[in-house]
Amino acid sequence: MQIQVPLCMRAATPGPTPTPTLPPPYLAPHLLLPADGASFTLADDIVTLQWASIGTLRANEVYQVTVEDVTEGAGRRIIEYVTDTKLIIPVSFRPKDNLPHVMRWTVTTVRQMGSDEQGEPIWESAGTNSMARVFSWTGAAPAATSVP
């Protein structure tokens, strides 16, 4: 006669849930071009901002570049997200008048932490802001005077 003795079946006990460890914050990017105080005129259709790399970005990380028209006020600014170490400012951001406008720009690293209801990325700081630099950009050409 055979006797079967059941072994004690133990269910796995839940352990601590692993939490992702965030990497340490990046240092501030070093801004390279244009030189602080540079001036751009109508002859300069393209203004390119450049900075030194802070290292290899992870898949969910980008540079956040903020450009603000200081002359016009706090309401006129653009914020762009790029993985490269340069940004060409859209010509549409050029001032509309014929006066030189002071533009202030900074760069920092950010990390995407999800998306909102509209599918837009939610960004979180991943480093220190660069020092601010300024340049001036002259706007539209003066209107041509009509010949009588």
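Observations, loosely collected:
- Subset of the stretch 24-79 (residues that are touching an Asp or Glu at 6+ places or on another chain (Cβ under 9 Å) and either at positive phi or in contact (Cβ under 8 Å) with a residue 40 or more places away in the chain (or both)): Y26, Y63, Q64, V65, T66
- Condition check for Q50 on (1) exposed (fewer than 13 other Cβ atoms within 10 Å of the Cβ); (2) of a type outside the set (G, A, S); (3) under 14 Å from the mean Cα position of the chain (by Cα): one failure, at (1).
- Number of the exception - T21 against (1) modelled with pLDDT under 95; (2) among the polar types (S, T, N, Q); (3) open to solvent by less than 70 Å² (accessible area, probe 1.4 Å); (4) farther than 28 Å from G139 by Cα: (3)
- The lone exception for D69 - which of (1) open to solvent by 40 Å² or more (accessible area, probe 1.4 Å); (2) in contact with a His (Cβ under 6 Å, 6 or more places away or on another chain) it fails: (1)
- For T48, the conditions (1) part of a loop (DSSP other than H, G, I, E, B); (2) modelled with pLDDT of 95 or more; (3) closer than 18 Å to G139 by Cα all hold with the exception of (1).
The values are calculated or read from the model by the stated rules, or taken from the named source; none is laboratory data. Please read all numbers here as calculations on a predicted model, not as lab measurements. Glycine also receives a Cβ, built like all others from the backbone with ideal geometry; neighbour counts cover every protein chain displayed. Calculation scope for accessible area: heavy atoms of the full protein, side chains included, ligands and nucleic acids excluded. Shrake-Rupley method; radii C 1.70, N 1.55, O 1.52, S 1.80 Å.
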